[in-house]
Each structure stands twice: as structure tokens, then as C-alpha cells.
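See structure below.
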Amino acid sequence: MKVIVIAGAAHALLASISQVFGDTAVAWEDAGEGYQQGVIAGVTAYFENPDLTPELEHQKWVEAKQADGWVHGEAIDTTPKTHPLLLPFAELPVEHRVKATILHAAVHALKDLPDADEAAAVAVAAALAKVPAGQAAPSAPAGPGKIVVVYIGRKPTYSDHLYGTGLSFTQGQERAMPADIARKFLRHPDMFEEGSAKAVADAPAQPDKVEDKDEDDDTTRQLAEAKKLEDEARDKENRILDLKQQINIMTKDSLAEYAMTNYKQSLDKRKSVAELRQVVTGMIDQFGVV
């Protein structure tokens, strides 16, 4: 998905801007998962709404935070919920306004590029078509529909949190994985490259681990575990969304009863029903579904 590619490119520009303002530039792979997801969310928002401006995007963010009980403060703090950027766009620090504008410009400059998956498929087809007669074709994937990926990053180990696979690597480790997942990793040539199916097949067996008798069992198992966790998280999110929809139609009495029964919290019925709904929604966000 080229949203990821554009997010990485946008980060490179934002990191350069950070240096101009005296901050340290951080590589994409070293940035926190929360930051990465924030950039990806910004890119996605501009993709879904071409008319969205940095000002409107910031305003939507402010409204979402305020609805969740956040207010302006000198520092980011979850108790109480304060954030220094809860200001009108025009009042934001110039560095933040510049970065927001750069992100918007990067998305619109790169959004019409071919999708990375499509480009990869075209490149592979072209490479296979050019193999001279009598010369061996490139190594076949490790199993039907699989591609071998080797980790070549700077860090001794790497755990994937960007694509939700749950896979972990040590330097030089090769994993055979489904082609659609492999292509995501291969979008980062500074960290991953395509490996040899033979290298994985020739890896020494581990007789003490019966479940690892196939070379890609560990990868398959980790992917299955990540998929299970993803499904569980999606189910939990759906339950929360369903509950919030119910909260939005509750009366004051129902809200008070729900807060006391599930969270042992008393509500001030002198407040409006909209305010009480917001309070109960905040309880769900803080404590989860009880």
C-alpha cells in the first residue's frame, strides 16, 4: 500500500525540517510506533479527502481530543488530559505549522505514483522476461506464493509493529512469508532484501522442536498468532464502538445507572445529558468495557 511508502518519504522531509529547528533527526525505523501511526493517519486522511487542508485536519484532531476530555496545557499529560497543541492552527508554533504543510504537500505530490505492489509485480515480470536462453531463472519462492526476506538493518534485532505481523528478526535472519506480506518489508531496502529460498531450506533442523520441522513454521506460527491478536483487538474495538453508540442514546437516569453499576462512579445529574454521555464515554476509554 503506497500510503506506507509516502509516510516514510514524508517523514524524511519532516526529519530534515526538525534539523532546521535544532532538533535531532530520527530515522523512520527508530521512530516510535505511535509517531509512525500518526504520520500514516495523516497521509490516509489526505488520501481519503483531497480537499482536506492542514488547518481543517488540525481542527478535526482538536475536536476529537476535546471530545475525549483533553484541554490545552503546557505539556502532554494523560492525568489530567493536557496537550500543548490544542490551539487554533494559526496559534501553533511555526515548526508545527511548517511540518503540517509539508506533510500535506508531500501527499499531493506523491499520491499519483504507481502503487508499490503493482510496480513490484511489473518489475518481476520484466526481469523474468529478460532471462537469456539457457540461463537459470531467479530462485523460486520458498513454497507456493511465498518470498524469502532477509533482515539487513543496523540494529541487532527488529520486531515488526508497523504491519502488525508480530515477526521478529535478528541480523541476517531469513524468513519465508506470503508474497503480499514480503513485499511490505521489501519496501524498506535499507532494512530488508529478498533472500534465497535455498538458504532457508538448508537451515539446520532443530530436533528438540518438533513443531519447527518445516523451515517456515516459526514464521507461519508468528503470523497466525499476530492474526489472532488482530482479530481479538478488532472484536474488542467493535464492542467498544457498539457500546458508545448505546451511550449516545441513553437518558440521564440510564447513564447514571450504567456508571454506578459498571464503574462505581456517581454522575452529577445537574449536567446536561450530552455532558454525562461524554463523561461515561471517557470512562469507557479509560477503563475499557466492564
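Bear in mind these aren't lab numbers, they're just calculated from the coordinates by the rules spelled out. What you see is a predicted model, and the numbers here were worked out from it, not measured in a lab. Quick reminder, even Gly has a Cβ in these numbers, built from the backbone with ideal geometry, and neighbours come from all protein chains shown.
Counting only residues 5 or more places away or on other chains, whose amide H sits under 5 Å from the amide H of Thr82 once H atoms are built in the peptide plane? Under 5 Å from the amide H of Thr82 lie the amide H atoms of Val71, Asp77, each far enough along the sequence or on another chain. For the residue pairs Lys65/Lys269; Lys111/Lys184; Lys60/Lys228; Lys60/Lys227, the alpha carbons lie more than 21 Å apart in Lys65/Lys269; Lys60/Lys228; Lys60/Lys227. Phi angles of the stretch 45-56 translate, via the Karplus equation with coefficients 6.51, -1.76, 1.60 and θ = phi - 60°, into HN-Hα couplings of 4, 6, 5, 6, 9, x, 8, 5, 9, x, 5, 5 Hz per residue; Gly and Pro are given as x. Using the alpha-carbon centroid of each, what span in Å lies between the stretch 235-290 and the stretch 141-196? Using only Cα atoms, the two centres lie 43 Å from each other. Relative to the current alpha-carbon distance between Gln286 and Ala64, full extension at 0.36 nm per residue lengthens the span by 78.4 nm.
For the stretch 64-75, putting each phi into the Karplus relation 6.51 cos²θ - 1.76 cosθ + 1.60 with θ = phi - 60° gives couplings of 5, 5, 5, 5, 8, x, 7, 9, 6, x, 6, 9 Hz, in residue order, rounded to whole numbers and with x for Gly and Pro. Between Lys236 and Thr53, the modelled label-to-label distance comes to 3.9 nm, taking each label 7 Å out from Cα in the direction of the beta carbon.
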